[in-house]
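This report refers to the structure that appears directly beneath it.
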Amino acid sequence: MRKLSKPLYGQQNKTAYLFLLPWLIGFFCLTLGPMIASLYLSMTKFNLLSSPTWTGLSNYVQIFTEDDTFLRSLWLTFYYVFLSVPLRLAFALLVAMALNKGIRGLGIYRTVYYIPSLLGGSVAIAIVWRQIFDGSGLVNQFLSWFGITGPSWIAHPDYVVYTIITLSVWQFGSAMVIFLAGLKQIPADLYEASGVDGAGKLRQFFGITLPMLSPVIFFNLIMSMINSFQAFTPAYVIGDGRGGPLDATMFYTLYLYLKGFSFFDMGYASALAWIMLVIIGVFTAIVFLTSKFWVFYGDNQEGR
Amino acid sequence: MPLKRQLVQAGRHAAIILLGLAMLYPVLWLILSSFKPNQLIFTDSSLIPTAFTLDHYVNGWKGLQGISFGRFFSNSLLISALSVIGNVISCSLAAYAFSRLKFKFKSLWFSIMLVTIMLPYHVTLVPQYILYNELQWINTYFPLILPKWLAQDSFFILLMVQFIRGIPRELDESATIDGCGQPQIFFRIVVPLLVPALITTAIFTFIWSWDDFFSQMIYLSKIDLFTVQLGIRSLFDPSGQSDWGALLAMSTLSLLPVTIIFLVFQRYFLEGIATTGLK
Amino acid sequence: MLKRSMVGMLAGLMLFVTACSGTDHTGAGGDTDNGAAESGQVELRMMWWGDQKRADITNEALKVFQEKHPNIKIMGEFSPSSGYFDKLNTQLASGTAPDIFFLGGNVVDYAKKNVLLDLDPYVGSELNLDGMDPTMVEYGRLDGKLQHISAGANARGIVINQALFEKAGIPLPEPNWNWEDYAAVSKELSDKLGDGIFGTYNFTVDGMDIYLKQRGKQLYNMENGTLGFAKEDIQEWFQYWEETSSAGGVVTPEMQVSNPHDDTSKSLLITGKAAMSLLPSNQLAAFQSLTEDPLILHPVPRGPKGTGVVFESSQGLSGYANTKHPKEVAILMDFWINDPQAAKILGSDRGVPVTEANRNLLQEEAGPVEEIVYQYTSLVSEATKSEPFDVSYNPPGFAEFSKLAQTTSQEIGFGRKSVEQAVADFYNGTVRIFESNQ
């Protein structure tokens, strides 16, 4: 890329900012203000209904020194992220590979597999999941064939998190779609060439598919991680929306939402949010730093 | 050999169908239960309704306060469609800049772009509401659509950045030699190769706007502006007399547009647009 | 494009200034309610939560109101219950709250933060409270100011699934039973009805204030602004449920979570798996509409000082402190509680009417389910004459408090903590919540 001469670089500067213009306008007009405001509020006592009063770092101090729920919800969120993200991505990749090509009725199959993700966090989904995972639900009826009496998977504090993870894996559709789009970008002649060389399916997968797909895997990893750290809806769909039973569904974002809107402590909630931002930022940065070892771009540049 | 091949194929179909059924069970329950009378929805545990009624669709469609669900559907369609167009255009522009162009403070802007989606939105809601109120955007669709036109969905920017970076750079270099400027490279080379990512963006934007409840609820109060999600939630009050049948019926209907959109657009993944013509 | 960005920049700047100068509540309201004052025409925004049926009858009542007061136009806004308070809080925080809105058991939290209109100046002129039960009026007097007008009265009672009693061959309990009887009946029901069917729901949280009142205590002492109970008072109550549960008469903790009693889509009362629970009277109709088993309301078991049950507000109306039309707000409230036509339209959806006149009016035309409700509420009305009790106020920080109470009950139920330990933590937590919400 060295061959780009200086004047051209200046030229690109202007073009680039033109391309970025909508985003820049949106950022400065819509996004930046509220972000700064929330940072300011995180250093105040703000009960939503009266004016905020400046308290400096005391919200942060309180969070780190005396808040047990903070620690518990953080731990639960980590647990959820580290289990659900790899599971969902692996499952999505597997299904995407199976539905990529070579069989009839692909469109229908893909749609069938995507439908769970269409439901999102709707009221209906909450009802259905109870039918399946409750004490007398389908899962336990199935288990009873083997003489196992299962607990209520949506109500027992020890197990409810696994039901939530199952739900998140079940809604793997978005990741699958992105993998499908990525698989489409892999030039077919790569496979043909390696087929001629006599490479097996497995070697093709590790030798061609995975490296060629790595930018998309990278994307799915980053985004699933960010979304899972901010998981909020599942606690509403499976739990009671207040973190119960016994804080077993008290995800970090739910906790800060409750603090802010139900418990009238928006200053504290803002502080919690900025802590979450730092945590997500650190993990994202780690993934970006490692990406140069495992993500391969067609544009022959190193990972950013 | 052909027989073995056929067997393998049949096995593959069987596995996919079996797993698909497990995937679909909840949705089947939803659809079939919407035809059960109210008293049987929670007491009748069998999947197939023993009694069949269409009342829920008729009652549900009537909507709220004289505004039918037809209106809610067209409102939701409008919001989703405008969001799709906005996201596809604005995010692809930004993604092109981040992935192909060189400019000052690029990494800084890139990091900022990512950071904006790391802050849980609950804490920016109140300041944002104040801002939109100052702009007199409450009870309009601007708060729902305009951020899309201004590329504030970093998810899609990063998505397209990843896809553009998968496109070999030799293509734009040869175009540069042919005398193309950046805008031409973007429109003639990158956009056509980016179609799978653009379709993905379109599908997701449509579905996520369609399913969004929280911001619609916060910003829309007038009943004639209501969306499908708001209409459905209005049928539901856990401690009151929720009309469960109508709720399930309208939830089923609300799945239709998004399913159709998906079914139509997913074809574009079948046709290897990106691969042809590439060496 | 430039113009739009300029406007945006300006707004961003203004936001920044407002945020830094300490969110100014009065400034932002101007845009939304410019009810053209010059023609004498006034526009009010009103917000409520609930289902479709409630929306329909509320709109109908508002229509009648506007016919009677042609100079007042009401913009009704309703929100599904799941998002109502998020929306209300957002609007209050940004100074754009509706002129008049509904609040429930959390009214104390709002009253403490000076966002509710003081209604005292309008009592006797625009707002006539003569026909309202004095205890109900008193309920709306918070921190010495009248800030809330109940829009529906409730009395909590024990809901009984008669079919299950018959099936078990157990006669309906005496009206003046006590808590020991209650535990015994629950156990008998569970034993006779067999696996998976239970005598009663565990209502440790919902019945806490009643139990305290039966012993001359209360949750929150509004007058002194203090907690109304000591740790020992509450320990007995948790202990009672722990013992009744281990005897087997109570819905298991798991099912209590997966099938909350007050959620009509899940309640075991509807599926015929639980025979009794504590229920506010206005919810009986909703429950009955979903099951064919006959449901009735029965008096709450008695403690040393009686049942502790009084008329209480299920929800009510409050005005926004910064409304430009306080007088019209008061007129609308007056219409809501006194107007016979409104009472007929609104029925007992939000609870029975708060004035005796309207209650009598509705009772004449009551259907079979409402008849049960009216019989029960008049029973309560009679009882309070011989055994008066104060109204229950929820303590400030109510949402956090009730979450804590529920967690405590679950900690005991799932065997995570002993009753003593759990109650000790509960009491400390309550004191902490209470202090931080003063």
query: Among (1) facing chain B (nearest Cβ under 9 Å); (2) under 29 Å from B:PRO192 (Cα atoms); (3) modelled with pLDDT of 85 or more, which single condition is A:GLN230 missing?
result: (2)
message: With the requirement that a residue be crowded, with 22+ Cβ neighbours inside 10 Å and within 14 Å of chain A (Cβ to nearest Cβ), what does the stretch C:271-289 give you?
response: C:ALA274
- prompt: C:SER186: among the small types (Gly, Ala, Ser), in a helix (DSSP H, G or I) and touching a residue at least 24 places away in the same chain (Cβ under 8 Å), yes or no?
  reply: yes
message: Scan the stretch B:136-155 and tell me whether some residue there is within 19 Å of A:LYS184 (Cα to Cα) and assigned by TED's automatic domain parsing to the domain that holds B:LEU82.
response: no
message: Looking at the structure I just gave you, is B:TRP109 surrounded by fewer than 22 Cβ atoms within 10 Å (Cβ to Cβ) and facing another protein chain (nearest Cβ under 9 Å)?
response: yes
statement: Expected output for the stretch B:169-193 (first residue among the small types (Gly, Ala, Ser), partner part of a helix (DSSP H, G or I), Cβ below 8 Å, 6+ apart or cross-chain) is B:ALA175/B:GLN184; B:ALA175/B:ILE185; B:ALA175/B:ARG188; B:ALA175/B:ILE189; B:GLY181/A:THR15
field: Residue count for the stretch C:45-77, restricted to those that are within 10 Å of chain B (Cβ to nearest Cβ) and of a type in the set (A, V, I, L, M, F, W, C)
entry: 4
task: From the list B:ILE112, B:ILE164, pick out the single residue that is of a type in the set (A, V, I, L, M, F, W, C) and either closer than 30 Å to B:LYS222 by Cβ or without any contact (Cβ under 8 Å) to a residue 40 or more places away in the chain (or both).
output: B:ILE112
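For B:PHE262, indicate whether it is assigned to a helix (DSSP H, G or I), crowded, with 21+ Cβ neighbours inside 10 Å, modelled with pLDDT under 90 and not acidic (Asp, Glu). Steps first, please.
Values: assigned to a helix (DSSP H, G or I): yes; crowded, with 21+ Cβ neighbours inside 10 Å: yes; modelled with pLDDT under 90: yes; not acidic (Asp, Glu): yes.
Yes.
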- line: When C:ASN224 is run through (1) free of Cβ contacts under 8 Å to residues at least 24 places away in the same chain; (2) at the interface with another protein chain (Cβ under 10 Å from one of its Cβ atoms), the failure sits at (2)
field: Subset of the stretch A:208-230 (residues that are without any contact (Cβ under 8 Å) to a residue 40 or more places away in the chain and not hydrophobic (A, V, I, L, M, F, W, C))
entry: A:ASN227
- request: Go through the residues of the stretch C:78-100 one by one and say whether even a single one is away from chain B (no Cβ under 12 Å), within 18 Å of C:LEU346 (Cβ to Cβ) and among the hydrophobic types (A, V, I, L, M, F, W, C).
  value: yes
message: For C:LEU362, only one of the following conditions fails: (1) modelled with pLDDT under 90; (2) within 14 Å of another protein chain (Cβ to nearest Cβ); (3) within 30 Å of C:LYS63 (Cα to Cα). What is its number?
response: (2)
- prompt: Here are some conditions: (1) in contact with a helix residue (DSSP H, G or I) (Cβ under 6 Å, 6 or more places away or on another chain); (2) within 14 Å of chain C (Cβ to nearest Cβ); (3) not in a loop (DSSP other than H, G, I, E, B). A:ARG130 meets all but one. Which one does it not meet?
  reply: (1)
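Just one of B:ILE157, B:ILE117, B:ILE138 is within 22 Å of A:ILE217 (Cβ to Cβ) and assigned to a loop (DSSP other than H, G, I, E, B); which is it?
It is B:ILE117.
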task: Filter the stretch B:24-67 for residues that are of a type in the set (Lys, Arg) and surrounded by fewer than 17 Cβ atoms within 10 Å (Cβ to Cβ) and give the result.
output: B:LYS62
statement: Counted residues in the stretch A:37-51 being in a helix (DSSP H, G or I) and within 7 Å of chain C (Cβ to nearest Cβ) come to 2
statement: Result of the Cβ filter at 7 Å on the stretch A:159-188, keeping first residues that are over 22 Å from B:VAL27 (Cβ atoms) and among the basic types (Lys, Arg) and partners that are modelled with pLDDT under 90 and in a helix (DSSP H, G or I), at least 6 apart or interchain, is A:LYS184/B:PRO196; A:LYS184/B:PHE269
- prompt: Quick check, is A:GLN131 within 28 Å of C:THR264 (Cα to Cα) and more than 29 Å from the chain's Cα centre (by Cα)?
  reply: no
- request: Take B:LEU131 and decide whether it is facing chain A (nearest Cβ under 7 Å), closer than 17 Å to A:GLY33 by Cβ and either aromatic (Phe, Trp, Tyr) or not in a helix (DSSP H, G or I) (or both).
  value: no
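One line per residue, one yes/no per condition, for (1) within 14 Å of chain C (Cβ to nearest Cβ); (2) of a type in the set (Phe, Trp, Tyr); (3) closer than 30 Å to B:LYS102 by Cα:
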| site | (1), (2), (3) |
| --- | --- |
| A:VAL216 | no, no, yes |
| A:MET250 | yes, no, no |
| A:TYR255 | yes, yes, no |
| A:TYR268 | yes, yes, no |
| A:SER291 | no, no, yes |
- request: Would you be able to tell me the number of residues in the stretch C:189-204 that are surrounded by fewer than 18 Cβ atoms within 10 Å (Cβ to Cβ) and either assigned to a loop (DSSP other than H, G, I, E, B) or polar (S, T, N, Q) (or both)?
  value: 3
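The values are calculated or read from the model by the stated rules, or taken from the named source; none is laboratory data. All values derive from a computational prediction rather than experimental measurement. Heads up, the Cβs are rebuilt from the backbone with ideal geometry, glycines too, and the neighbour counts pull from every protein chain shown.
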